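A.B. asks: Would you mind keeping the following structure in view while I ask a few things?
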Amino acid sequence: MIVHIEKCHKCGACVGSCPQNAIYLNDVMLEFNENCNRCGRCVKICPVGAIEMEGKK
Ligand code: SF4
Ligand code: SF4
């Protein structure tokens, strides 16, 4: 997963959307752990398009 952190305003929507609890948001960064199964929910839910999946636009 690629995060465009400069776009992210840390609303937390992606964290809540992840069925795998794979997203962590801290003060500076959005991180993904190995539980991510690339379902794409977080990509769709982000209001500013800050999350991108490698190989998909
Ligand atoms: S792609 Fe799916 S599993 Fe992976 S972090 Fe996003 S919502 Fe969670
Ligand atoms: S949904 Fe988008 S803007 Fe909100 S915290 Fe996640 S990446 Fe950042």
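The values are calculated or read from the model by the stated rules, or taken from the named source; none is laboratory data. Fair warning: this is a prediction, and the values are worked out from it, not measured in the lab. Reconstructed Cβ throughout: ideal geometry from the backbone, glycine too, with neighbour counts over all protein chains shown. With ligands, DNA and RNA removed, areas are computed over all heavy atoms of the protein, side chains included. Shrake-Rupley method; radii C 1.70, N 1.55, O 1.52, S 1.80 Å.
A.B. asks: In Å², what does the accessible area per residue of the chain work out to with a 1.4 Å probe?
C.D. replies: About 68 Å² of surface per residue is accessible.
A.B. asks: List the relative contact order of the stretch 2-52 as a percent without decimals, with contacts defined as Cα pairs under 8 Å and 6+ residues apart.
C.D. replies: Here the relative contact order equals 45 percent.
A.B. asks: Pop out the carbon and sulfur fraction of the accessible area of the chain as a percent, whole number, probe 1.4 Å.
C.D. replies: Carbon-and-sulfur percentage of accessible area, whole number: 52.
A.B. asks: Continuing with the same structure: Work out the FRET efficiency for Asn21 and Lys44 from their Cβ-Cβ distance, taking R0 = 22 Å, and round it to the nearest 0.05.
C.D. replies: Once rounded, the FRET efficiency stands at 0.80.
A.B. asks: With a 1.4 Å probe and all protein chains kept in place, how much accessible area does Cys42 have, in Å² rounded to the nearest 10?
C.D. replies: So the heavy atoms of Cys42 present about 10 Å² to solvent.
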